[in-house]
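Read the structure below first, then the notes.
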Amino acid sequence: MKQFAIVIDLDRCIGCRAGCQVACKMENDIGLGKSRSVLHTITYGKYPDQHMYYIPVMCQQCEDPACVNVCPTGACYKSDEDGVVYIDKEACIGCQSCRKACPYDAENFNKELRVMDKCIICSHLREKDEKPACVSLCPGNAIYFGDVNDPESEVSKLLAANEGHVYSLNNDAGTNPSGRFILRKDEWIDPFKK
Amino acid sequence: MENIFEKINITNLQDAIGDWTAFSACEPYEVDLDGEEQIITTCCRACIANCGVKAHVKNGRVIKLEGNPDDPMSQGKLCSKGLSGIAALYHPNRNKYPLIRVGERGSGKWRRISWDQAMDVIGNKLMQVRKDYGAETVFCTTGGGGNPAIWSISRFANIFGTPNWFEPGCAQCYLPRVSACNMIYGGQDTSIADSKAKDLYDADNCPTKTLVLWGTDPSNSCTASGGRMVNELRARGTKTVVIDPRFTPDAAKADVWLPIRPGTDVALMLCWMNYIIENKKYDAEFVLKWTNLPYLVDLDTKYCLRAKDADGNEKTGPDGFMVFDKKTNSIQELSYPWDDSLDVDIFGEYEIDGKLYKTAGQILKERVAEFTLERTGEICCLEPERIKKALDLYLAEKPSAICLGVATDQTPNSFQAAHAADMIDMLVGNIEKPGTSLQNFPTSAVLHGATNPVPMAPTKLPPEQLPKRLGGVEHKGLGMWHAGQPAAVLDAILTGKPYKPRVWIDRSGNKMAVLGDGNKWEKAIHELDFIIHMYMYPTSFSAYADVLLPITEWLETNLIVEICNTLVARQRVAHVWETKDETVVWSNMAKKCAQLGHEGCQKAFDAEYMGSDLPYWEDETELFDTVLKPINMNWEEFTKAGYYEFMPKDEWKTYDTYMQTGNDGKLKGFNTPSKKLELYCDRLITLARTGKPYLPFPMPPASKDYDPLPYYMEPFEGPVNDVETTKEYPLTMTNGRVPFFHHSTLRNIPRLREMYPVPEIWINTDKAAELGIESGKWVWVESKRGKVRAKAVATENIGPNTVWMERFWFPETLNTETHGWKESNVSVLAKSEGPYNDILGTYTLRAYQVKVYNADSAPEGIWTEPADFKKWLPGGKF
């Protein structure tokens, strides 16, 4: 089965929020105060030998998504075609169960429309053979997307080339996130691991 | 103050009196309703980079911006500032029509007038003041973010007859780096944010081993162009050294970070030179043959010793410099470029006929000797081992490159920092090689200084006006851009000496947010008779204006832009309201003055008289048609093509230009009178005494000569020089960019303000604990000159004795007593008093003392929640 996901090279992320937030919000008409991704700043160590890096977190397109499991109407579903978790906005009743279930704070509630909103890796652009907004705009060239189950995909090759430096977010909830992070220069600190 | 408005007869006008928002009901007037979505190629100007943009336009409205992958500098990327172009264009609080003040200054009461009426008011006022007090009492300013028509301001000033224009970018930002590089090298400077260091952008072919980012943070300041480029180099294995008091994104990714004490950069630069000389890490062959360090210096005159010609006059040009030949134990005249029969040392002192001579290299060696690793560590608050680690990385393998940022331009040691930084690269031979930042790639020769199509027309300033330039005699380096000194203008307004400036014409983001010591400027403003502000939207400065002129946003602007080996069209993709291109507004003002009898302005429309300075234009495209003639295109053809490659990339990337053979059959050398790199720049003495090479005729000497070599100047208000002040104000202030704003711009963009709603002040974690300050709480930040509030961030990302804060103003409190600039504007704390940089008149915007203590509350009326910014959303999709 295909599993599309976002892969981020954290050594390339310069924390500017231009691609993962501003471009994403413009492309997807996201309202003020909402975002499909959150930028986590990781710091450790004492001045002047401290470390700092950024982790942009959007939907991790989990293999066993908690949001899908808790959705009372079936509005939140995982597609067989690309493995992406979608929300059928007609069927969504805005109960926000998915938001509460998501271990990565990756779901947004759209107050105006009273429906949930999340990263679907810009499916409308992928349909036109274009890249997601964050991927094409990210000034650091840090964000990649593709089928992590296809060993021939660009992202799989990238991950293979960085073996030993690939991380996923905390899986204590057992959701098996598909998103991957590459980090060579710093120590991996999971923002969701308490 | 004279009431100018009584004389104005305003008829047939919409009776719209009120604040700026009164006009927001109108719709854009140029609408193409055929419904086809067009993609128009243009380039951004949300900062001073020019990132390639593909603008999607439908029904006359811009609906989407994409990066242009063909742009060699941004390669398809845009930053959050650039992406805000649509929100800026359709902002409900744009300046939409010319407005004239009808209430008290600062009351926010305005009346709409036509452009013709605005020009009538302005022209009559300018001519009256010129008649009553002299043209020099009018001064013009620009700056504050991507000012596309920078030379238009200088041009208008010259033609109107005032020697006084300035932008903070002269003395405080960039001119130090431009002028130092121009004096000692004649090639391009290394500023990443100013789109220089062009060789580094071709990352796949860039062999830079170590890149030193000195006082620059491209990830923040020019994310999509320079920030992207540095990131690509890092990904390909280039090592980086970051020298910055603040742990920036680039510092976090650096191999060595040097958290230097603000304002001490020149000490560190002298230390690097000392280390390079002591450890013989310089490129001896290059330094001997291509710099002036082996030349003998007359210690009395401080000039390089010159041979005399048959008439007994000192030789000029590249020949006739004197060196000491060890073979013959005598002084010998050197023929350009070099004489292999001579045996010459770079360092040495020689007594000849009872008189002591030193090589320029020897003087440098003695100058830098005290700056050992240990001593410099003490000055700069750095561990000596850490300095050495950075140096060893820089020196390990060539090519390396230093890119100097704006940090050093904001202290009085500005010119010397730029001079010294270039010298380091030159000593080790990091110049005009693949992968170095110092390069002399060809330019198109279409634009002036490769930056702007508008000729500055400096020779059109009447000769009797030049000596009246405020600060111009003391700080003659400003002559490179034909500018005055901001602090001298301020002083003249407040003291009336040597004369009182009366009219201020400004095109800036927000002068109140960026000028040092804003409280003093506010006092000065109340002394002025008349103030004109032209900009895209109202800023704090507008509150003090008498006339407001609506100016085009970059998406409405036409301009010819040079990017690497191409000329690119920034072209108008939409147009709203009655905004005008400022290149035209300055021309319109000159035209009105011409009609009212100004002889200089009348002649400025005469093609024959103007010659290469070109006659004024009705429309900017008229100018562009003329300027584009060398490439056999007119503006319309050029915009259809979108860009023009003036030279193939491989040919354009020309290295070792000094080794090319010139028309005289000799090696071309560098673009200096000696054709060598003039590290020992005795021409600075001449500059101080006469104004040469920048001024058209000699001026009286400055009060002291400028030093031919860089020297260290301890921060005047700091822990070493001012112990008393430091007791009360123990923390040293530094500034530096966040990725969401450029200078004072874009604080009115909802999607940027929701990410960075209020200014932060960074304070070291331990220091914050000591002071009882908590992250997220409001604090007062106070200097001897004023106090403002900011939100505290306790962090390891700043040293224990330093704080970081960036300029800020609140458009939402524009119509209150603060006019948005008094609450949280770090520039209020900065200094406008001396000491100034001797050559350029730079004052102190960074590296002064403050104290930080808890505040009870946030400033009144400011917006902090995302929903607050809804009022600034344009209608429809953006």
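The values are calculated or read from the model by the stated rules, or taken from the named source; none is laboratory data. Quick caveat: nothing in here was measured; it's all calculated off a predicted structure. All Cβ positions, even for glycine, are placed from backbone atoms using ideal geometry, and neighbour counts span all protein chains on display.
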State all residues of the range B:636-693 that are within 18 Å of residue B:316 (Cβ to Cβ) and among the β-branched types (Val, Ile, Thr); if no residue qualifies, say none.
B:672, B:685, B:686, B:690
Please give the number of the condition residue B:531 fails out of (1) aliphatic (A, V, I, L, M); (2) at pLDDT 95 or above; (3) buried (at least 23 other Cβ atoms within 10 Å of the Cβ).
(3)
Is it the case that the range A:76-97 has a residue that's in a strand (DSSP E or B), facing chain B (nearest Cβ under 9 Å) and surrounded by fewer than 18 Cβ atoms within 10 Å (Cβ to Cβ)?
no
Selection count where residues are within 26 Å of residue B:696 (Cα to Cα) and of a type in the set (Val, Ile, Thr), scope the range B:478-502
1
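When only residues in the range B:34-56 that are more than 23 Å from the chain's Cα centre (by Cα) and modelled with pLDDT of 95 or more count, which is farthest from residue B:569 (Cα to Cα)?
Taking the range B:34-56 first, the residues more than 23 Å from the chain's Cα centre (by Cα) are B:34-42, B:53-56.
With modelled with pLDDT of 95 or more added as a condition, the list becomes B:39-42, B:53-56.
Values: B:39: 14, B:40: 10, B:41: 8, B:42: 6, B:53: 11, B:54: 12, B:55: 13, B:56: 16 Å.
That would be B:56.
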So which residues in the range A:21-34 are within 9 Å of chain B (Cβ to nearest Cβ) and of a type in the set (S, T, N, Q), if there are any at all?
A:21
Output for Cβ contacts, cut-off 8 Å, separation at least six or different chains, first residue under 14 Å from residue B:435 (Cα atoms) in the range B:639-657, second among the hydrophobic types (A, V, I, L, M, F, W, C), reads B:653/B:441; B:654/B:441
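Can you tell me how many residues within the range B:678-694 are surrounded by fewer than 21 Cβ atoms within 10 Å (Cβ to Cβ), assigned to a loop (DSSP other than H, G, I, E, B) and either not charged (D, E, K, R) or not assigned by TED's automatic domain parsing to the domain that holds residue B:295 (or both)? Spell out how you get there, then give the answer.
At the first step, the residues of the range B:678-694 found to be surrounded by fewer than 21 Cβ atoms within 10 Å (Cβ to Cβ) are B:683, B:685-686, B:689-690, B:692-694.
Narrowing further to those that are assigned to a loop (DSSP other than H, G, I, E, B): B:692-694.
Then drop every residue that is not either not charged (D, E, K, R) or not assigned by TED's automatic domain parsing to the domain that holds residue B:295 (or both), which leaves B:693-694.
The total comes to 2.
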Lone unmet requirement of (1) at pLDDT below 95; (2) in contact with a strand residue (DSSP E or B) (Cβ under 6 Å, 6 or more places away or on another chain); (3) not charged (D, E, K, R) for residue B:697:
(2)
Give me the residue from the range A:35-71 that is within 8 Å of chain B (Cβ to nearest Cβ) and part of a loop (DSSP other than H, G, I, E, B) and, out of that set, surrounded by the most Cβ atoms within 10 Å (Cβ to Cβ).
A:48
Cβ-Cβ distance below 6 Å, separation of 6 or more or different chains: which pairs start in the range B:174-200 with a residue that is touching a residue at least 12 places away in the same chain (Cβ under 8 Å) and farther than 14 Å from residue B:564 by Cα and end on one that is in a loop (DSSP other than H, G, I, E, B) and among the β-branched types (Val, Ile, Thr)?
B:186/B:672
Pick from the range B:598-614, criterion outside any helix (DSSP H, G or I) and in contact with a Leu (Cβ under 9 Å, 6 or more places away or on another chain), ranking: surrounded by the fewest Cβ atoms within 10 Å (Cβ to Cβ)
B:614
If only one of B:573, B:585, B:514 is in contact with a helix residue (DSSP H, G or I) (Cβ under 6 Å, 6 or more places away or on another chain) and assigned by TED's automatic domain parsing to the domain that holds residue B:471, which one is it?
B:514
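Out of the range B:400-438, which residues are acidic (Asp, Glu) and either closer than 17 Å to residue B:241 by Cα or surrounded by 24 or more Cβ atoms within 10 Å (Cβ to Cβ) (or both)?
Taking the range B:400-438 and keeping what is acidic (Asp, Glu), we get B:409, B:422, B:425, B:432.
Across the range B:400-438, the qualifying residues are B:409, B:422, B:425.
Can you find, within the range A:122-156, the residue that is nearest to residue B:233 (Cα to Cα) among those that are of a type in the set (Asp, Glu) and away from chain B (no Cβ under 12 Å)? Spell out how you get there, then give the answer.
Pass one, the range A:122-156, residues of a type in the set (Asp, Glu): A:127, A:129-130, A:147, A:150, A:152, A:154.
Then keep just the ones that are away from chain B (no Cβ under 12 Å); that gives A:127, A:129, A:147, A:150, A:152, A:154.
Working: A:127: 33, A:129: 29, A:147: 28, A:150: 30, A:152: 27, A:154: 21 Å.
If we take residues in the range A:122-156 being of a type in the set (Asp, Glu) and away from chain B (no Cβ under 12 Å), then A:154 is nearest to residue B:233 (Cα to Cα).
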Residues located in the range B:794-840, provided they are within 14 Å of another protein chain (Cβ to nearest Cβ) and among the aromatic types (Phe, Trp, Tyr)
B:804
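Among the listed residues B:182, B:220, B:205, which satisfies the condition of being more than 25 Å from residue B:668 (Cα to Cα) and surrounded by fewer than 24 Cβ atoms within 10 Å (Cβ to Cβ)? Full working, then the answer.
On the way: B:182 fails: more than 25 Å from residue B:668 (Cα to Cα); B:220 fails: surrounded by fewer than 24 Cβ atoms within 10 Å (Cβ to Cβ).
The unique qualifying residue is B:205.
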Matching helices (runs of 4 or more DSSP H) fully within the range B:332-416 where at least 3 residues are without any contact (Cβ under 8 Å) to a residue 24 or more places away in the chain:
B:373-380, B:384-396
The range B:272-312 - residue that is at pLDDT below 95 and of a type in the set (D, E, K, R) and, of those, nearest to residue B:346 (Cα to Cα)
B:308
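If you take the residues in the range A:9-20 that are outside any loop (DSSP other than H, G, I, E, B) and either on the phi > 0 side of the Ramachandran plot or buried (at least 24 other Cβ atoms within 10 Å of the Cβ) (or both), which one is nearest to the other protein chains (Cβ to nearest Cβ)?
Residues of the range A:9-20 outside any loop (DSSP other than H, G, I, E, B): A:9-12, A:18-20.
Those still in the list that are either on the phi > 0 side of the Ramachandran plot or buried (at least 24 other Cβ atoms within 10 Å of the Cβ) (or both) too: A:18-20.
Values: A:18: 4, A:19: 8, A:20: 11 Å.
Step by step, filter the range A:9-20, then rank; the result is A:18.
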What strands (runs of 3 or more DSSP E) completely inside the range B:532-597 contain at least 1 residues that are under 13 Å from residue B:99 (Cβ atoms)?
B:547-550
Sole exception among (1) surrounded by fewer than 18 Cβ atoms within 10 Å (Cβ to Cβ); (2) within 14 Å of chain A (Cβ to nearest Cβ); (3) not polar (S, T, N, Q) for residue B:751, by number:
(1)
(1) without any contact (Cβ under 8 Å) to a residue 40 or more places away in the chain; (2) out of contact with any Ser or Thr (no Cβ under 7 Å at 6 or more places or on another chain) all hold for residue B:666 apart from (1)
Anything in the range B:55-79 that is more than 11 Å from chain A (Cβ to nearest Cβ), in a loop (DSSP other than H, G, I, E, B) and either in contact with a helix residue (DSSP H, G or I) (Cβ under 8 Å, 6 or more places away or on another chain) or buried (at least 21 other Cβ atoms within 10 Å of the Cβ) (or both)? List them, or say none.
B:68, B:71, B:72, B:73
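Quick check: is even one residue across the range B:348-356 assigned by TED's automatic domain parsing to the domain that holds residue B:213 and in contact with an Asp or Glu (Cβ under 7 Å, 6 or more places away or on another chain)? Before the answer, list the steps.
Going residue by residue through the range B:348-356, those that are assigned by TED's automatic domain parsing to the domain that holds residue B:213 are B:348-356.
Checking which are in contact with an Asp or Glu (Cβ under 7 Å, 6 or more places away or on another chain) leaves us with B:356.
So far as the range B:348-356 goes, yes, one or more of its residues are assigned by TED's automatic domain parsing to the domain that holds residue B:213 and in contact with an Asp or Glu (Cβ under 7 Å, 6 or more places away or on another chain).
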Taking the range B:234-276 and keeping only residues that are under 19 Å from residue B:221 (Cα atoms), among the small types (Gly, Ala, Ser) and outside any loop (DSSP other than H, G, I, E, B), one is left with B:251, B:252
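Being under 30 Å from residue B:474 (Cβ atoms) and in a loop (DSSP other than H, G, I, E, B) is the requirement here; does residue B:675 meet it?
no
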Anything in the range B:194-238 that is among the charged types (D, E, K, R), touching a strand residue (DSSP E or B) at 6+ places or on another chain (Cβ under 9 Å) and within 13 Å of chain A (Cβ to nearest Cβ)? List them, or say none.
B:217, B:234
